[in-house]
Amino acid sequence: MRTLFSPVSPVSPAPSPETVVCNVGGRALLPCRWKQAPVAAAPHVEWASRTPAETIYEKWGAQTWSAPQYRGRAEIPEEQLATGDCSLVLRDVQLMDGGVYDSYGTQGEGHVVSRVFVRSVRLSVRDHKIQKSVGVGENLVLELHTPHAQRVVFQERGSDLPPDGRPPPYSRTCSRSQGYLPIEWGLLWLRGNQISPRLQKPSGREEVLLSGAIPEDQGFYKVLDQHGLAVSTLLLTVHGQHHRAGFHDKGNRERGFP
């Protein structure tokens, strides 16, 4: 429910919105120019999502209102609004932000007020796909990309994976009938919890440090947000020869590691 402005009647937006692409954790600019913005008074601009159908941000002069999930992340700089530029800046973009957004302007005074459709923009949010190679004994920096990242899971890279080297997305096990061995995802890191002494999060930085890489650490590292959606997937290879207990070793399993 909006608390800053009173409801206004809906207006049907035009089809075929422009598409803006952004990676999780990045900054997206949803472009919009309101050519007929009122000059004498402070413009009143509203941005709304289609799914779900709700207002996410409003600005009227110095006053602003944001939906809870966009609070602190959405903004229309006041200096640009004075020129008719009502583009919406979204920071720390999340996968759940993906969808179509419509912008509206309000014109008129008193009891004669009309809501004018300005522009539609489709925001496409992508997770990060990364490949890294480190030597035995080297450290791996695994970027979390966003403060909304909640956990890191690991899947050993087996010898009988599909030709593209990728396990099926979002599945915990792989079927033998598909031509490769069943391999489980295991929890390595959880925000606010110490699970493995080899995985540490430096204070004030959105990354996790894996110390002293060994060949058994090769595999897929997936960063997940609070909804269980993939922020990033990293395929790690370790070159060199060495052996000691990795994340999937039996001793680690007994201590709760995959």
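Values computed for the structure shown
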item: Options P38, P52: the member that is closer than 18 Å to G99 by Cα and at pLDDT below 95; result: P52
item: Which numbered condition Q80 fails, given (1) at pLDDT below 95; (2) touching a Pro at 6+ places or on another chain (Cβ under 7 Å); (3) of a type outside the set (G, A, S); result: (2)
item: All strands (runs of 3 or more DSSP E) inside the stretch 115-231 with 2 or more residues being modelled with pLDDT of 95 or more and among the charged types (D, E, K, R); result: 128-135, 219-225
item: Selected residue [over 25 Å from A230 (Cα atoms) and at pLDDT 95 or above] from S9, S66, S16; result: S66
item: Criterion violated by E78 - all others in (1) within 23 Å of the chain's Cα centre (by Cα); (2) farther than 30 Å from D225 by Cα satisfied; result: (1)
item: Qualifying residue in the stretch 96-112 (condition: outside the structural domain of L224 (by TED's automatic domain parsing), among the charged types (D, E, K, R) and at pLDDT 95 or above); result: yes
item: Criterion: surrounded by 14 or more Cβ atoms within 10 Å (Cβ to Cβ) and more than 19 Å from V45 (Cβ to Cβ) - qualifying residue of L88, L142; result: L142
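The values are calculated or read from the model by the stated rules, or taken from the named source; none is laboratory data. Since the structure is predicted, the reported quantities are computational estimates derived from the model, not experimental observations. FYI the Cβ positions are ideal-geometry reconstructions off the backbone, even for glycines, and counts take in every protein chain you see.
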